[in-house]
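Encoded as structure tokens, the structure appears first; notes follow it.
The values are calculated or read from the model by the stated rules, or taken from the named source; none is laboratory data. Not measured: the values here are computed from a predicted model. Every residue, glycine among them, receives a Cβ derived from its backbone with ideal geometry; neighbour counts consider all protein chains shown. Protein only, heavy atoms only, side chains kept; ligands, DNA and RNA dropped before computing areas. Shrake-Rupley method; radii C 1.70, N 1.55, O 1.52, S 1.80 Å.
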Amino acid sequence: MRLPKAGTIEIVPSVLAADIGHLAAEVAEVEAAGVKMIQFDIMDGHFVPNISFGPPIVAALRPHSLLAFDVQLMISEPHKYVERFVDAGADHVTFHIETVSDPLELVDELHKMGVTAGVALNPETDVMHIVDVAPYCELVLVMTVHPGFGGQAFLPETAEKVRLVRELVGPATRVQVDGGITPETVPQVVRQGADTLVAGTAIFRHKDRAAAIDELRRTAEKAVGNLTYAR
Ligand code: DX5
């Protein structure tokens, strides 16, 4: 399963909020609910103040799912680890612009490994830092919270950054948002151009995951009707 082509709204469950003790079953539940991709938050306790998963978790889940595995590397020196995540079964890898000195080289490496590439920027990072690399990426991730933990409140000021990123990349690149994404905050980002919506708490902490995913999707598709950018 590859990263879905831009132009559709995709709801992306973030497994950081799932019951890790039953991860395969949690993933099967959201897969049955119709999502096309899931996100793995990889944290190293250095770039962000938390430690989460490594390649073994991705590899353990790979045989149990047909979903596109979206790996977000919130780690320093990501170039040292991308091959292990690709070998483990990642279909898409996003690195943080704040962690690399030569992003174009890393995007080229990812493409040579046969996966799609994404670049992420933190709330405090200016869009100008991705101007050169964004055109070569299949996805740009605008963090809507400071990375490191699930369950944080959405930062409203990041919606403007979504608009700037959409203007920068045009309609053929996915614009992903991550952090505090709920039915209440979805319209703010979709109206500015986001089409790939990562949610942890809003999905996995809901007793009916299929209903939670459906509500996020319906809210987003309703907001798409009032788009402020040309598709
Ligand atoms: C935070 C992670 C997010 C987080 C989303 O650093 O990148 O993916 O898990 O969780 P919620 O939806 O709970 O904010």
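Placing a label point 7 Å from the Cα of residue 76 along the Cα-to-Cβ line, the residues of segment 23-49 whose backbone N sits under 12 Å from it are 44-49.
In segment 11-133, taking the dipole from charged Cβ atoms about the Cα centre, the farthest positive-side position among 54, 64, 76 is held by 64.
Pop out the carbon and sulfur fraction of the accessible area of segment 54-164 as a percent, whole number, probe 1.4 Å. Present the calculation step by step, with values, prior to reporting the outcome.
Working: 2650 of 4680 Å².
So the carbon and sulfur contribution to the accessible surface is 57 percent.
Here residue 36 is the anchor, and the aspartates and glutamates within straight C-alpha reach of less than 15 Å, apart from those fewer than 8 places off in the same chain, are 10, 26, 70, 91, 195, 214.
For segment 154-207, which GluC sites (Glu not before Pro) are in a loop by DSSP, counting at most 16 other Cβ atoms within 10 Å? Display every interim value, and only then the final one.
Values: sites: 157, 160, 167, 184; in loops: 157, 184.
Here the GluC sites (Glu not before Pro) that fit, given the DSSP loop and packing criteria, are 157, 184.
Within 12 Å, Cβ to Cβ, of residue 99, how many net charges do the neighbouring residues add up to if Lys/Arg are +1 and Asp/Glu are -1? Charge balance in the 12 Å sphere: -3.
Which value, in Å², gives the accessible area per residue of the chain when a 1.4 Å probe is used on the protein heavy atoms? Can you show the working numbers first?
Values: 9770 Å² over 231 residues.
For the chain, the per-residue accessible area is 42 Å².
Once you reduce segment 1-61 and segment 130-186 to the center of their Cα atoms, the two points are 17 Å from each other. The trypsin sites (Lys or Arg not before Pro) of segment 1-71 that meet both conditions, a loop assignment by DSSP and at most 10 other Cβ atoms within 10 Å of the site Cβ, are 5.
Of the beta bridges in the chain, as assigned by DSSP with both residues counted there, near 5 percent are antiparallel.
Sum -39500 (n - 2.57) across every DSSP H segment of at least 4 residues in the chain, then divide by the residue count to get the 222 nm mean residue ellipticity, nearest 500.
Numbers: 8 runs with 71 residues, N = 231.
So the calculated ellipticity at 222 nm is -8500 deg cm²/dmol.
Quick check on segment 35-160: take the gyration tensor over C-alpha atoms, sort the square-rooted eigenvalues as a ≥ b ≥ c, and tell me if it's rounded (a/c under 1.5), prolate or oblate. Oblate, because a/c is 1.5 or more while a/b does not exceed b/c.
Is the C-alpha gyration tensor of the chain telling us rounded, prolate or oblate? Criteria: a/c under 1.5 is rounded; beyond that, a/b larger than b/c is prolate, otherwise oblate. It would help to have the intermediate numbers written out before the result.
On the way: a/c = 1.41, a/b = 1.01, b/c = 1.39.
Here the chain falls in the rounded category.
For a straight C-alpha distance cut-off of 23 angstrom, the lysines reachable from residue 80 (same-chain residues fewer than eight places away being disregarded) are 112.
Taking amide hydrogens as placed 1.01 Å from N in the peptide plane, the amide H of residue 118 sits under 5 Å from those of 93, 94, 95, each at least 5 positions away in sequence or on another chain.
The relative contact order of the chain comes to 21 percent, based on Cα pairs under 8 Å that sit 6 or more residues apart. Under the combined filter of DSSP loop state and at most 13 neighbouring Cβ atoms within 10 Å, segment 1-63 retains none of its GluC sites (Glu not before Pro). Other residues within the sphere of radius under 11 Å centred on the Cβ of residue 188, judged by their own Cβ, net out at -1 (K and R +1, D and E -1).
Net charge within 11 Å of residue 125 by Cβ-Cβ distance, Lys/Arg positive one each and Asp/Glu negative one each, not counting residue 125 itself?
Details: positive: 161; negative: 98, 124, 126.
Charge balance near residue 125 sits at -2.
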